[in-house]
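Undergrad: Dropping a structure here in structure tokens format, bear with me for questions.
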Amino acid sequence: MNPIVAACPLFDKQLVNLGANGTLMAMRRVLDAGWEPTVPALVQLVAASGVPRLRAAFAAAGLDGIRPAQSVALVPLAAGALHASDLADRLGVSRQAVAQAIAALERHSYVTRVPDPADARARLIKLTPRGRQALRVMRSNALNLEDRWQQTLGQQRFGELRNILRMLLDAESVE
């Protein structure tokens, strides 16, 4: 058993799993009712709760070959074509991660690589009409998720949540 998991008897395999690369995966369940997950873990779990609906929305729209984790790479491209290095910087991930995601997205016609008119050696990553359709599905899915959260929290508490999350994001971006 991995030493991280062995040292944490409160966790079971549904709560913490080690991925193939040794990273801890999403928390699901707690064995000890006195234990509470951290706020960052809760935020991550709440965000991840929308993934099954996004997969279903992609399927309903006939958008195959796209995973929610890859679809995030489409968002910065909505404003226009980017070099892979710029896309990696905006996403806060490695160039290798972007290269893998873009290769998969290009195979399924969500993006295309075009010559950079300013530098013949460079290529720009650009959304295709199918990529724009995926962005519309993502936006619609996100708005539906917001509606469900607002129904759960009520308008005032939902507004407070939005403001608190913005405050936290601003505080983190200063560092």
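Computed from the coordinates by the stated procedures, all read-outs in this text should not be read as laboratory data. The structure presented is a predicted model; accordingly, all values stated were derived computationally and were not measured. Ideal geometry is used to build each Cβ from the backbone, glycine not excepted, and the neighbour counts take in all protein chains shown.
Undergrad: FRET efficiency for Ala59 and Ala79, Cβ-Cβ distance as r, R0 = 30 Å, nearest 0.05?
TA: Between Ala59 and Ala79 the formula returns 0.65.
Undergrad: Report the relative contact order of region 65-130, percent, no decimals, based on alpha-carbon pairs under 8 angstrom and at least 6 residues apart. Please list the in-between numbers first.
TA: Working: 81 pairs, mean separation 23.6, N = 66.
The normalised contact order for region 65-130 reaches 36 percent.
Undergrad: Please compute the length gained on full extension between Glu106 and Val51, using 0.36 nm multiplied by the number of residues separating them and subtracting their Cα-Cα distance.
TA: Extending this stretch completely gives an extra 17.7 nm.
Undergrad: Let me ask you something else. Sort Glu36, Glu106 so the one with the fewest other Cβ atoms within 10 Å of its own Cβ comes first.
TA: Listing Glu36, Glu106 from fewest to most nearby Cβ atoms yields Glu36, Glu106.
Undergrad: Another question, if that's okay. Where Rh denotes the Kirkwood radius from the mean inverse Cα pair distance, what is Rg over Rh for region 65-130? The partial results should precede the final answer.
TA: Details: Rg = 10.9 Å, Rh = 11.7 Å.
Answer for region 65-130: 0.93.
Undergrad: Now for a different question. Give the order of Phe58, Phe158 when sorted by the count of other beta carbons within 10 angstrom, beginning with the fewest.
TA: On the way: Phe58 21, Phe158 16.
In increasing order of surrounding Cβ atoms, one gets Phe158, Phe58.
Undergrad: Sticking with this structure for a sec: Under the rule of at least 5 residues apart or a separate chain, name every residue whose amide H is placed under 5 Å from the amide H of Ala122.
TA: Asp116
Undergrad: Continuing with this model, one more query. For Val111, enumerate residues with amide H under 5 Å from its amide H, sequence gap 5+ or separate chain, H modeled in the peptide plane.
TA: Hits under the 5 Å cutoff: Glu106, Thr128.
Undergrad: Let me ask something else. What list of ³J(HN,Hα) values in whole Hz, one per residue of region 80-88 in order, does the Karplus curve 6.51 cos²θ - 1.76 cosθ + 1.60 (θ = phi - 60°) give from phi, with Gly and Pro shown as x?
TA: x, 5, 9, 6, 4, 5, 5, 5, 4
Undergrad: Can I ask one more? Work out from phi, with θ = phi - 60° and the Karplus expression 6.51 cos²θ - 1.76 cosθ + 1.60, the ³J(HN,Hα) of each residue of region 161-172, listed in order in whole Hz, and give x for Gly and Pro.
TA: So the Karplus estimates, Gly and Pro as x, are 4, 4, 5, 5, 5, 5, 4, 5, 5, 4, 5, 6 Hz.
Undergrad: Using the 10 angstrom Cβ neighbour count as an exposure proxy, how do Trp149, Trp35 rank, fewest first? Can you show the working numbers first?
TA: Working: Trp149 16, Trp35 11.
Taking fewest neighbouring Cβ atoms as first place, the list is Trp35, Trp149.
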